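Reviewing the structure listed below.
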Amino acid sequence: MNDLRAVVFDTDGVLLATADRHAAAWKETFDGCLPEWQSSHAGARPRPFDAVREYRDLVDGKARSDGVRAFLAARDVDLPPGKPEDPPGCATVHAVAARKEEVFSSMLRTDGVRTFDDVRPALQELREKAVRYAAVSASRHARSLLESAELIGYFDALVDGQDAAALALPGKPDPALFLEAAVRLGVTPAHTAVVEDALAGVDAGHRGDFRLVVGLNREADPRMTDALRAHGAHLVLPDLGGLLAALEDGRRP
């Protein structure tokens, strides 16, 4: 193995098959609020949330409140920030974020969580090469989801939304979450790879000057491959099966 000593993995969409549920929860949240927001504006019926394009471009990989702000800005909707303790609703940024949390939590209680089939083999390969690794997520659910999927014991470190709140770490595309994970692993970004499926996360890896930023495009969408590269991915893989070879090569294309 070259001087790449550690890997920082995003959680949703990379380790756990939860990205589609996040997208569905955002859609239910925003579509439920759009008529209320539109009522104060004359015009056509509001366009529903696009669970593919808008999810990818505006909310994927971000802290909930940051995702809400990005969507509101894109739709030219002005809401007061409110307070973190606001109940689920549509009147403030924090209320919308709480609404999304409520919807997503309900989905998890109904459907549970699934791990991608390539995750455990990839982690085992890395362990055999003495590579350390961490899981990172903007979600406060990350620890419980990884425990539910029986993955938590694989990781040397975890940085999640609860850590971000406690340490006042800004969310992606700021690299703070990834940098904190590197610190906990005892490595520098120059010796660390980041694996992400979200544009904001790839952007964060690029901004943090990590040695290798790997974009994961599980849907094999050519447009997503182009977008991941445009946001700073050094290479794009369809799954984790080729990760070890990419790390052993260790060079930025």
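Taking every residue in segment 169-197 that is farther than 17 Å from His231 by Cα and not assigned by TED's automatic domain parsing to the domain that holds Phe210 and pairing it with any residue that is modelled with pLDDT of 95 or more and surrounded by 19 or more Cβ atoms within 10 Å (Cβ to Cβ), at least 6 positions away or on another chain, yields no pair with a Cβ-Cβ distance below 8 Å. In segment 214-253, the residue that is modelled with the highest pLDDT out of those that are within 15 Å of Leu4 (Cα to Cα) and aliphatic (A, V, I, L, M) is Val214.
Exactly one residue out of Ala74, Ala63, Ala130, Ala51 is without any contact (Cβ under 8 Å) to a residue 24 or more places away in the chain and either outside the structural domain of Ala176 (by TED's automatic domain parsing) or over 24 Å from Arg21 (Cα atoms) (or both): that is Ala74. Check Glu196 against each of (1) out of contact with any strand residue (DSSP E or B) (no Cβ under 8 Å at 6 or more places or on another chain); (2) acidic (Asp, Glu); (3) crowded, with 21+ Cβ neighbours inside 10 Å and name the one condition it does not meet. Looking at each condition in turn, Glu196 falls short on (1).
In the set (1) modelled with pLDDT under 95; (2) buried (at least 19 other Cβ atoms within 10 Å of the Cβ); (3) not in a loop (DSSP other than H, G, I, E, B), the condition left unmet by Val202 is number (1). Remark: pairs (first residue in segment 140-163, farther than 12 Å from Thr11 by Cα; second residue assigned to a loop (DSSP other than H, G, I, E, B) and hydrophobic (A, V, I, L, M, F, W, C); Cβ separation under 6 Å; 6+ apart in sequence or on different chains) = Ser148/Val113.
So which of Ser144, Ser139 is polar (S, T, N, Q) and part of a loop (DSSP other than H, G, I, E, B)? Step through it out loud before you land on a result.
Details: Ser144 fails: part of a loop (DSSP other than H, G, I, E, B).
Checking each option against the conditions leaves just Ser139.
The values are calculated or read from the model by the stated rules, or taken from the named source; none is laboratory data. Note that this is a predicted model, so its numbers are computed, not measured. FYI the Cβ positions are ideal-geometry reconstructions off the backbone, even for glycines, and counts take in every protein chain you see.
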